[in-house]
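Nothing in this text is a laboratory measurement; each read-out follows from the coordinates by a stated rule. None of these values were measured; they are calculated from a predicted model. Here the Cβ is made from the backbone with ideal geometry for all residues, glycine too, and neighbour counts use every protein chain on show.
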Amino acid sequence: MSIEHLTTDGVFAHDDQSFHVTNNVWLVGDDDEIVVIDAPHDAARIAEAVGGRRVPMIVCTHGHNDHINAAVELADLVGAPIALHANDRVLWDVVHPDRPPDLDLRDGQMISVGGIDLHVVHTPGHSPGSVCLCGDGVVFTGDTLFQGGPGATGRSYSDFDTIIASIRDRLLTLPQHTLVHAGHGDDTTIGEESGALPEWIERGH
């Protein structure tokens, strides 16, 4: 599996608040084709990283603006469809009211690219349609799981108990060595995070 990583900087805006954020972008595939995981802030920079490779899909892990605000421009630049879980259309439509996603992501769906299989896992909580992508020894978690705990749930369309259930039942069941590539920040592993679940629950959101 070939995994390329770049970061982009911009603004996360939600519930009348805004914050400067640095987002991770993941390119998964080979020398001929790749899937782009999340499209934040800078479509031209992401397209440059894609190069001349075919992009069968731009996967949005969820619908918050800092993960999708460059998706439409990127789709036009690289000629790729945009995929999002249908439960996050309520968030997508705020950012792109006149351009729906092209594809609905489904729990259990398999995305094959460059000889690599990525399985879509619906992990609601941070948002209703948050998804993670599981590959061989790696999981791309968007804003569901970070180094140090779950994604934020103190905003509209989010729920703490739901994200805890998603992480406990869908992610912490993965092999302990599984590498976690999140939507922001540094990598971690399932093993490094699994022991902290009681602490997260006690801490709450």
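May I ask you to list the residues of region 184-205 whose amide nitrogen lies under 20 Å from a point 7 Å from Cα along the Cα→beta-carbon direction of Arg168? So the set is 190-205. For Val113, the residues 5 or more places off, or on other chains, whose built amide H falls under 5 Å of its own are Leu118. Coupling constants for region 103-114 follow from the phi torsions by the Karplus curve (6.51 cos²θ - 1.76 cosθ + 1.60, θ = phi - 60°), and in residue order they are 9, 9, 6, 10, 4, x, 5, 10, 10, 10, 8, x Hz; glycine and proline get x. Note on Met110, Met57, Met1: ascending count of other Cβ atoms within 10 Å places them as Met110, Met1, Met57, the fewest first. Shown for Trp26, Trp92: other C-beta atoms within 10 Å of each C-beta, ranked fewest to most, produce the order Trp26, Trp92. Adding -39500 (n - 2.57) for every DSSP H run of four residues or longer, then dividing by how many residues the chain holds, sets the calculated 222 nm ellipticity at -5500 deg cm²/dmol.
Length gained on full extension, Met110 to Thr22, computed as 0.36 nm times the residue gap minus the Cα-Cα distance: 28.8 nm.
I want to make sure I understand the PRE zone here: with the label point 7 angstrom from the Cα of Ala196 toward its beta carbon, which residues in region 112-146 have backbone N atoms less than 13 Å away? Answer for this model: 145-146. Here's how it looks for His96: its modeled amide H is under 5 Å from none belonging to a residue 5 or more places away or on a different chain.
Of all beta bridges that DSSP places with both ends in region 1-141, some 75 percent have antiparallel geometry. For region 178-192, putting each phi into the Karplus relation 6.51 cos²θ - 1.76 cosθ + 1.60 with θ = phi - 60° gives couplings of 4, 7, 9, 9, 9, x, 9, x, 8, 6, 8, 10, 4, x, 5 Hz, in residue order, rounded to whole numbers and with x for Gly and Pro.
Between Leu6 and Asp187, the distance separating the two model label sites (each 7 Å from Cα on the Cα→Cβ line) works out to 1.9 nm.
Using the Cβ-Cβ distance between Asp102 and Glu48 with R0 = 35 Å, the FRET efficiency computed as 1/(1 + (r/R0)^6) comes to roughly 0.95.
Can you give me the C-alpha center-to-center distance between region 129-192 and region 66-85, rounded to a whole angstrom? Centre-to-centre distance over Cα atoms comes out at 22 Å. Ordered by the count of other Cβ atoms within 10 Å of each Cβ, fewest first, Leu133, Leu197, Leu174 give Leu197, Leu174, Leu133.
Of the listed values [x] 19.6; [y] 16.7; [z] 17.3, grab the one calculated as Kirkwood radius over Cα pairs in Å from the structure here. So the calculated entry is the one marked [y].
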